[in-house]
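Asks: This structure is in structure tokens; I'll ask about it shortly.
The values are calculated or read from the model by the stated rules, or taken from the named source; none is laboratory data. Since the structure is predicted, the reported quantities are computational estimates derived from the model, not experimental observations. No Cβ is skipped: glycine too gets one built from the backbone with ideal geometry, and neighbour counts run over all protein chains shown. The area values use the complete protein model at the heavy-atom level, side chains included, leaving out ligands, DNA and RNA. Shrake-Rupley method; radii C 1.70, N 1.55, O 1.52, S 1.80 Å.
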Amino acid sequence: MPEINTEEIFEKMVTAAQSVLTNHWEEAQPFAENELKVLANNIKLIGELKLQGKITEEQAKHYLEIQKSSARIVLLTIEGLGILAVEGAINAALDVVKATVNTALGWKLI
Amino acid sequence: MKLSKVVSVQGKIIGLLLLVLSCGYACTSVRLISEYDPITDEKVTELEEKVATYFVQLERTIGTDEAAYEHYQTFFDEAKVDLNTLSVRAAAVDKNRIVQEQVKELQNMLSNLEALHKMGFASAEQLPPLKSAFNSAFTAIIRLQMALKRGEKYEN
């Protein structure tokens, strides 16, 4: 049976995370890479436990479900950090025109 | 000024005003994601401590009768109640889809952990992938909460 390639799993997960966070990857990268590396290592460990007969196939499925949920939670955080970055950019843009718009209107709109 | 240019400038001004008005009358910022919720943050941190305690106790007792599921039923009951509280809380907060989905995934994780514990853990080697998956999940959820907290500056 071929051995699980941690590096390959890790690269695929990083690519998936990057596609979620295209424009804000640089900010999220350290956190994302660290957590996804942990998950890739765990998947390898589960494979080894199964191969060594230390867990059954049914147990392995539960182990994998836990890893999948954990990975989804990490990806959801990455998505949230991206939304926050966009939100910050919009609010910064509004801040820049705040004085001009409020002065032009004669009352506080922004 | 040419008529087409005047129309173009007016269009840009109207567009900007519509953007501003779309965030509500006299609002100070645009919100695309939920605001920081201290109760969610606190509950998640409490649950993280309970899960950490569970793994510490399990590591100490594994291989003995004390590690049996029956001795950990209270933990699972309490964790389910905590997650239900978190789920209700997350649903009540506006623009909170991400946290709602995170809580749902945590519920899945706990349910799978309970299934595994019912089957029984034979050795300490079985615990590290579980422990670190929960650590990653809690780190991610708390990290998002911390980022939402910093985002509050746009409200001022």
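Asks: Once label points are set 7 Å from the Cα along Cα→Cβ at both A:VAL96 and B:THR64, what is their separation, rounded to one decimal in nm?
Replies: 6.5 nm
Asks: Helix A:6-20: angle to the longest alpha-carbon principal axis of chain A, degrees 0 to 90, nearest 10?
Replies: In chain A, helix A:6-20 runs at an angle near 20 degrees to the longest axis.
Asks: Which Rg and Dmax, in Å, describe the Cα atoms of the protein assembly as shown?
Replies: 23.7, 88
Asks: For B:LYS95, tell me the accessible area in Å² from a 1.4 Å probe, rounded to the nearest 10.
Replies: Counting only protein heavy atoms, the figure is 100 Å².
Asks: Another question, if that's okay. Using Cα pairs under 8 angstrom and six or more residues apart, how large is the relative contact order of chain A, in percent?
Replies: That works out to 29 percent.
Asks: Another question about this same structure. Give, as a single signed number, the net charge of other residues whose beta carbon lies under 13 Å from the beta carbon of A:LYS54, with Lys and Arg counted +1 and Asp and Glu -1.
Replies: -2
Asks: Then there is this: What net charge is computed for the residues neighbouring B:ASN108, neighbours being all others with C-beta under 10 Å from the C-beta of B:ASN108, Lys and Arg scored +1, Asp and Glu -1?
Replies: Around B:ASN108, the charge tally is +1.
Asks: From the backbone phi of segment A:44-50, what are the Karplus-calculated ³J(HN,Hα) couplings (6.51 cos²θ - 1.76 cosθ + 1.60, θ = phi - 60°) in whole Hz, Gly and Pro given as x?
Replies: 5, 4, 5, x, 5, 4, 5
Asks: Please get the size of the charge dipole for the protein assembly as shown, origin at its Cα centre, with Cβ charges of +1 on Lys and Arg and -1 on Asp and Glu, quoted in debye to the nearest 20.
Replies: Value, rounded to 20: 1460 debye.
Asks: First select every other residue whose beta carbon is under 11 angstrom from the beta carbon of B:ILE39; then total the charges, Lys and Arg +1, Asp and Glu -1.
Replies: Taking every Cβ under 11 Å from that of B:ILE39, the sum is -2.
Asks: What ranking do B:59-68, B:140-149 get when scored by the average of other Cβ atoms within 10 Å per residue, highest first?
Replies: The peptides rank, most packed first, as B:140-149, B:59-68.
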